[in-house]
Amino acid sequence: MAHQTVTIVGQGYVGLPLAQAATRSGWKVHGLDVTESLVDMLNSGRSHVDDLSDSEIQEMLDLGYVATTDSAVIAESDVVVMCVPTPLAEGGSPDLAAVKGASRTVGDNLTAGTTVILESTTYPGTTDNLVRPILELASGLAAGEDFNLAYSPERVDPGSKTFGIKNTPKLIGGIDDASTQSAAAFYRTFVDKPVPMTGTREAETAKLLENTFRHVNIALVNEMTKFCKELDIDIWEVIRGASTKPFGFMKFTPGPGVGGHCIPIDPNYLSYEVRNQLGYPFRFVELAQEINNSMPRYVVDRVSELLNEHRKPINGSDILLLGVTYKADIADQRESPAKPVAELLLERGANVMFHDPMVDVWNLESGDITREADLEDSVVKADAVVVLQAHDTYDLGGLASKSKVMLDTRGSAPKPAIWL
Ligand SMILES: NC(=O)c1ccc[n+]([C@@H]2O[C@H](COP(=O)([O-])OP(=O)(O)OC[C@H]3O[C@@H](n4cnc5c(N)ncnc54)[C@H](O)[C@@H]3O)[C@@H](O)[C@H]2O)c1
């Protein structure tokens, strides 16, 4: 495909890195978003996502990238990619308002010959049953005849230094062969390996299988962590041993629960649709949720046990939480299990303190807390230190030796730290 013009709808964690990849490979990129303040920020050369620096935004602008709220750019685009949020509504059902809104905007401005791609994570059938009719009704054009339509899930691993857009294979499932081919031709301009799929539903479900796989396997080690502790078996040593098997095993490690925009949310899209269409539960997802959601309470119980050994109650103790984002070395706090850990400690009367190099003020339900100014001083002062994210910048060995007691939920800190 000759490099022409692409509009990327949604300039968040997914849409902005995609805009960067397309810009760098020679596309004229319009970054369309509904949030005016974000558009202004990007056009002034400032980034709002971890994986892109301000200088990289400036580089994009120099190469012709423009952020905009003006949907008229869609009409002059050869390709339109939708990267809008797919959160959960109250009660845990999928909230597709942004996908519907973006589809309407695209449909209102769609011209014949365009290739439209949905990247948002969603339940099987969304591209064909929800996006397609909205596009067709709003544009008066027919998918498969007048324009191409495909689904291609985003697989970005925020903060990864190994895998990015270029070297992560990209699944592409069109409503017909021409749509698959056209979307693959777009991605081939900056992705090493586009992977054509037989249809949109298969591509949508593949993404959900990937995330459910992680969710379930994290739950498996979390559940084993609890009973291994009671059986006086070192789970970390168990995992280290099992990980030496060169085939048929993949390493997952225990932790304080699952966070981020994907793992705690996406599997719900699949279980919701299975229940909705077939009337029965997707049991693996429901069980994984139950186990992973129980981990913050388990962490707090372990803190309580450790303090007890020092003849202290949680009530009135100073407890320092290290790393409150959902993943090490990124600033994203969405769905971070650090929040329920803090709320449970507060409920039990603890004086909760926190440190995170990427968070200045932490917004908890019960009020905001400010980051401890001096990390070492606060480690010395705290009755217990809990490592929730082992950010690279932490010298966990040094901190562990200064602490009264350190519980490490990530298995990163050397002794005297105690692992979950
Ligand atoms: N963040 C990740 O690591 C990740 C990884 C893989 C897949 N995904 C999926 O990608 C999708 C996008 O996620 P994200 O993390 O980039 O979300 P985000 O919240 O970071 O960004 C979404 C952007 O879309 C904009 N937006 C909302 N409605 C719009 C509309 N109607 N028109 C134009 N812009 C609109 C918002 O203002 C926001 O800037 C979701 O479905 C998510 O599940 C995310």
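Brief remarks on what is shown
- Residues of the range 288-309 classified as modelled with pLDDT of 95 or more and either of a type outside the set (D, E, K, R) or touching a Lys or Arg at 6+ places or on another chain (Cβ under 6 Å) (or both), total: 15
- The range 22-40 - residue that is within 11 Å of the ligand (Cβ to nearest atom) and open to solvent by less than 50 Å² (accessible area, probe 1.4 Å) and, of those, nearest to residue 109 (Cα to Cα): 32
- For the range 7-21, the criterion of being buried (at least 19 other Cβ atoms within 10 Å of the Cβ), within 12 Å of the ligand (Cβ to nearest atom), among the hydroxyl-bearing types (Ser, Thr, Tyr) and not in a loop (DSSP other than H, G, I, E, B) is met by at least one residue.
- Filter pass, residue 378 being out of contact with any helix residue (DSSP H, G or I) (no Cβ under 9 Å at 6 or more places or on another chain), surrounded by 15 or more Cβ atoms within 10 Å (Cβ to Cβ), touching a residue at least 40 places away in the same chain (Cβ under 8 Å) and not assigned by TED's automatic domain parsing to the domain that holds residue 257: yes
- Within the range 94-128, the set of residues being part of a helix (DSSP H, G or I), free of Cβ contacts under 8 Å to residues at least 40 places away in the same chain and touching a helix residue (DSSP H, G or I) at 6+ places or on another chain (Cβ under 7 Å) comprises 99, 100, 103, 104, 107, 108, 109.
- When each of 273, 343, 290 is tested for being farther than 30 Å from residue 209 by Cβ, outside any loop (DSSP other than H, G, I, E, B) and open to solvent by 10 Å² or more (accessible area, probe 1.4 Å), the lone residue that passes is 343.
- With respect to (1) open to solvent by 30 Å² or more (accessible area, probe 1.4 Å); (2) under 30 Å from residue 48 (Cα atoms); (3) within 12 Å of the ligand (Cβ to nearest atom), the lone exception for residue 134 is condition (2).
- Residue within the range 182-191 that is more than 24 Å from the chain's Cα centre (by Cα) and either assigned to a loop (DSSP other than H, G, I, E, B) or at positive phi (or both) present: yes
- Of all residues making up the range 22-31, the number that are outside any loop (DSSP other than H, G, I, E, B) and touching a Ser or Thr at 6+ places or on another chain (Cβ under 9 Å): 5
- Subset tally (residues that are of a type in the set (Ser, Thr, Tyr), away from the ligand (no atom under 12 Å from the Cβ) and surrounded by fewer than 20 Cβ atoms within 10 Å (Cβ to Cβ)) for the range 148-179: 1
- Answer residue from the range 375-420, given it is of a type in the set (Ser, Thr, Tyr) and not in a loop (DSSP other than H, G, I, E, B) and is nearest to the chain's Cα centre (by Cα) among those: 378
- Residues of the range 51-83 that turn out to be of a type in the set (A, V, I, L, M) and either in a helix (DSSP H, G or I) or open to solvent by 20 Å² or more (accessible area, probe 1.4 Å) (or both), as a count: 9
The values are calculated or read from the model by the stated rules, or taken from the named source; none is laboratory data. Since the structure is predicted, the reported quantities are computational estimates derived from the model, not experimental observations. Methodologically, a virtual Cβ is constructed for each residue, glycine included, from the backbone with ideal geometry; neighbour enumeration extends over all protein chains shown. Only protein heavy atoms, including side chains, enter the accessible area calculation; ligands, DNA and RNA are left aside. Shrake-Rupley method; radii C 1.70, N 1.55, O 1.52, S 1.80 Å.
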